[in-house]
Amino acid sequence: MNAAPDLKIAILSAAHLHADSYAAALRDLAGVTLVVLWDNDAARGHEKAGEYGTEFEPDLDAALNECDAVIICSENIRHRELTERAAAAGKHALCEKPLATTVEDARAMIETCAKAGVLLGTAFPVRHCGPAFQMRDAISSGALGSVLMIRGANRGTNPGGWFVDPDLSGGGAVTDHTVHIADLIRFVTDEEITSVYAEADTHFYPDLGVEDCGLLMMGLSGGGFASLDPSWSRPNQAYPSWGDVRMQLTGTGGVATFDYTAQHTELYANARVRAAEMPWGDDGDQLMVADFAEAVRENRSPLASGEDGLRAVEVVAAAYESLRTGRSVEV
Amino acid sequence: MISTGVIGAGNMGRYHGGILSRQPDACVVAVADTSAERAQSLADALGCRVAASAAELIESAEIDAVVVTTPTAAHRLYVEAAANAGKHIFCEKPLARTMKEAEAMIAAAERAGVKMSVGHVVRWFPQYEQIRRSVLDGTIGKPGTARVTRGASFPRATNDWYADYEQSGGVMLDMVIHDLDWLLWTFGPVRRVFARRIEGQPGYDGGMISLRHESGVISYAEGNWSYPSGFYTSVEVAGDDGLLMGDNTSTSPLRMDMREDGVSGAAVEVPTGGSRSADPYEMELRDWLGWIAGGPPPRCTATDALDALRVALAALESAETRQPVELNGGGR
């Protein structure tokens, strides 16, 4: 029996550092080949293509010609354009989170992909890991009962670069770190986020130009509520990892406490200035890339669809509206 | 020697009474409770008499000071009576269920010239004290965000009074107020409050509060009475030059998992500092005794307790309206 030909994947832009781990995941994944890296920054494209062991292609149409599907890791502001170009070329797309910087863009991306008959996925690796499924099962089986309240936190170091240029990122910590938890809440509970109240400020990097800390208080469609700390509050030079993704769900049946990066070994070495965490548990990036490849082969939606990406973008938009109005706003 | 009487022989009355009876410069001479049986049980434990009534205890010439550890809704009655009788007062938190009650109590104490302290004991817990000191001395630079959580199972007590929201104010007023007091003490007055709480679920309670301090600090306080068992606290402050974090499970120097029959968990969890040298409850009472004896005012005054109450009540109001409540510095 002949094996099916490898699925050919292109990475569109390595602006987002997650491109590194997706490239590594593709390398480790059977039946999939990273055939090309396109980037609008030729220097970065050459360098990263070398690192990833693939070809750099400066021409987007040429890159799209070479592949079956794309993974988009550009600056947030370019997500829509690249997704629409891929769709026009008939290529499936997995897009880095947040799906877009506006609700309008996210909706347009979903519509364009649907019309073109290509799949659109949103890169929400957290929902791909084992404990996310376990929590989801504990909700759907009734073990955790009905959802009373959820505490969420997705803190990080300051990512710097284009992330802190609102013209490229669309916003600061609230844009960057709302969507993982918003998506995890939706995935685990099967409920929607219905209202958002937000606080935000720039406290850690005074001249940043975007918010670096905040707090979201959200209503859920089942009558419960949730909080989320999206701050870039982990000290850049001292914290032993990039940050955290945590959630505690209190239900009528019990309390589930989730820590995405709990599975790690602590490393203290004289060669290092600071301690490090060496992860050994579920690799959400790897599982997500594998799911995308499988979705393309089976012509089914990726685990996190474009719609899922849109829902999270709506929460971000509501948070900014709350910040403008000082009110709790409906999503 | 400061002679005290304990009104309310429940969990906290038992705890405070035990501490006071061990002090070299204080003693417990009488206990009062609406339940004669409970009063007798505590009196036996402390080796003191049972008062005929709270009024008799308060009027008793042999008593200099009273400890009020009744359900919250009864605080005002006993505190005002004690003040009018010229007795010094230690009142458990929350000071009262409403601002009106609390203000009347403070006015009564001031009028009578008696010294009233309130049991916001978290101020004496070593980790909270250390984190506050580290914030104030600039160890983490300028603070930007703070997060404090506290969780336990639903408390059980006489007439299930904790479950009566009108009496207790639920987890926000009874438990989160500890953390609100610590946040106010550490980061200053509050400008704006937003909160949600669990509603309409008998046997469960929980609340989440967003605070915007006048200093700009964004803080978060959470209380949860919906755990099946256990007691959990965490505290974290992020500044522009560092991060402080701690929680009671990772900082517990001893864990014992014992075989137990029957009901799980304590009726009301009374967390302790886990240290031989410094019991926070003893330190708060020593602070009060020292003040009565002519020393400096205590770490937590009745006015501090009033400020924490104002913020907790604003949180309850916000949870009701689902919109932020502006305090404009009123939540000192």
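Rounded to the nearest 20 debye, what is the charge dipole size of the protein assembly as shown about its Cα centre when +1 sits on each Lys and Arg Cβ and -1 on each Asp and Glu Cβ?
In debye, rounded to 20, the protein assembly as shown gives about 1500.
If you bin the C-alpha pair distances of the stretch A:28-96 every 10 Å from 0, what whole percents do you get?
Over the stretch A:28-96, the share of Cα pairs per 10 Å bin runs 21, 56, 23, 0 percent.
Tell me the label-point distance for the pair B:GLN40, B:ALA52, using the 7 Å Cα-to-Cβ offset, in nm and rounded to one decimal.
Roughly 1.9 nm, to one decimal.
Please report the buried accessible area for the interface of B with A, total over both chains, probe 1.4 Å, in Å² to the nearest 100.
Details: alone 14760 and 14380 Å², together 26040 Å².
Approximately 3100 Å², summed over both chains.
How many percent of the accessible area of chain B is carbon or sulfur, using a 1.4 Å probe?
Summing carbon and sulfur atoms, their accessible area is 48 percent of the total for chain B.
How large a share of the accessible area of the stretch A:197-264, in percent, is made up of carbon and sulfur atoms when the probe is 1.4 Å and the other protein chains stay in place? It would help to have the intermediate numbers written out before the result.
On the way: 940 of 2020 Å².
Its accessible area is 47 percent carbon and sulfur atoms.
In whole angstrom, how long is each semi-axis of the equivalent ellipsoid of the protein assembly as shown, when you take the square root of 5 times every eigenvalue of its Cα gyration tensor and sort them from largest down?
One finds semi-axes of 55, 23, 22 Å for the protein assembly as shown.
At 25 °C and 0.890 mPa s, what whole-number value in µm²/s does Stokes-Einstein give for the translational diffusion of the stretch B:1-65, with Rh from the Kirkwood sum over Cα pairs?
The calculation lands on 219 µm²/s.
For the stretch B:117-208, taking Cα atoms only, what is the radius of gyration to one decimal and the Dmax to the nearest whole Å?
Both quantities, over Cα of the stretch B:117-208: 15.3, 48 Å.
Counting only Cα atoms, I'd like the Rg/Rh figure for chain B, Kirkwood definition for Rh.
Rg/Rh for chain B comes to 0.95.
To the nearest 500 deg cm²/dmol, what mean residue ellipticity at 222 nm is calculated for chain A from DSSP H runs of n ≥ 4 alone, each contributing -39,500 (n - 2.57), summed and divided by the residues? Don't skip to the answer; put the middle values down first.
Values: 11 runs with 119 residues, N = 331.
Value at 222 nm, helices only, nearest 500: -11000 deg cm²/dmol.
How much accessible area per residue does the protein assembly as shown have, in Å², with a 1.4 Å probe?
Accessible area per residue: 39 Å².
Report Rg/Rh for the stretch A:218-306, rounded to two decimals, where Rg is the Cα radius of gyration and Rh the Kirkwood radius.
Expressed as Rg/Rh, it is 1.07.
Would you mind giving the average projected area, over all directions, of the Cα convex hull of the stretch B:26-122 in nm² with one decimal?
The number I arrive at for the stretch B:26-122 is 6.2 nm².
To check you understand DSSP bridge types, tell me what percent of the beta bridges within chain A (both residues inside) are antiparallel, rounded to 5.
55
Farthest toward the dipole's positive end in the stretch B:76-179, which of B:MET99, B:HIS120, B:GLN167, given Cβ charges of +1 (Lys, Arg) and -1 (Asp, Glu) about the Cα centre?
The Cα lying farthest towards the positive end belongs to B:HIS120.
Of A:MET288, A:PHE187, A:LEU148, whose Cα points farthest to the positive end of the dipole of chain A (charges on the beta-carbon: +1 Lys, Arg; -1 Asp, Glu; origin at the Cα centre)?
A:LEU148
Under the Kirkwood approximation applied to all pairs of distinct alpha-carbon atoms, what is the hydrodynamic radius of chain A in Å? Kindly include the intermediate steps, with their values, before the conclusion.
On the way: mean 1/r = 0.0492 Å⁻¹.
One over the average 1/r among Cα pairs gives 20.3 Å for chain A.
How high is the relative contact order of chain B, in percent, with contacts defined as C-alpha pairs under 8 Å that are six or more residues apart?
Dividing the mean separation by the residue count of chain B yields 19 percent.
Can you give the helix-only mean residue ellipticity at 222 nm for chain B, where every DSSP H stretch with n ≥ 4 adds -39500 (n - 2.57) and the sum goes over all residues, rounded to the nearest 500 deg cm²/dmol?
Dividing the helical sum by the residues of chain B leaves -10000 deg cm²/dmol.
Consider all pairwise Cα distances in the stretch A:109-256 and report the whole-number % of them above 29 Å.
For the stretch A:109-256, the fraction of Cα-Cα distances above 29 Å is 24 percent.
Just checking the output field for A:190-202: average partner chain Cβ neighbours within 10 Å of each residue's Cβ?
3
Less than 18 Å from a label point 7 Å out along the Cα-to-Cβ axis of B:GLN201: which backbone N atoms in the stretch B:177-195 qualify, by residue?
B:195, by backbone N distance to the label point.
Cut-off under 16 Å on the C-alpha distance; same-chain residues fewer than 8 positions from B:LYS100 excluded. Which aspartates and glutamates are left, in chain and number order?
Output for B:LYS100: B:GLU80, B:GLU110, B:GLU166, B:ASP304, B:ASP307, B:GLU317.
When Cβ neighbours within 10 Å are restricted to other protein chains, what is their mean count per residue of peptide B:198-208?
Other-chain Cβ atoms within 10 Å of each residue's Cβ, averaged: 4.
The values are calculated or read from the model by the stated rules, or taken from the named source; none is laboratory data. Everything numeric in this text was worked out from a predicted model, so none of it was measured. In this analysis, Cβ positions are derived from the backbone assuming ideal geometry, glycine residues included, and neighbour counts consider all displayed protein chains. Accessible surface areas use protein heavy atoms only, side chains included; no ligands, DNA or RNA. Shrake-Rupley method; radii C 1.70, N 1.55, O 1.52, S 1.80 Å.
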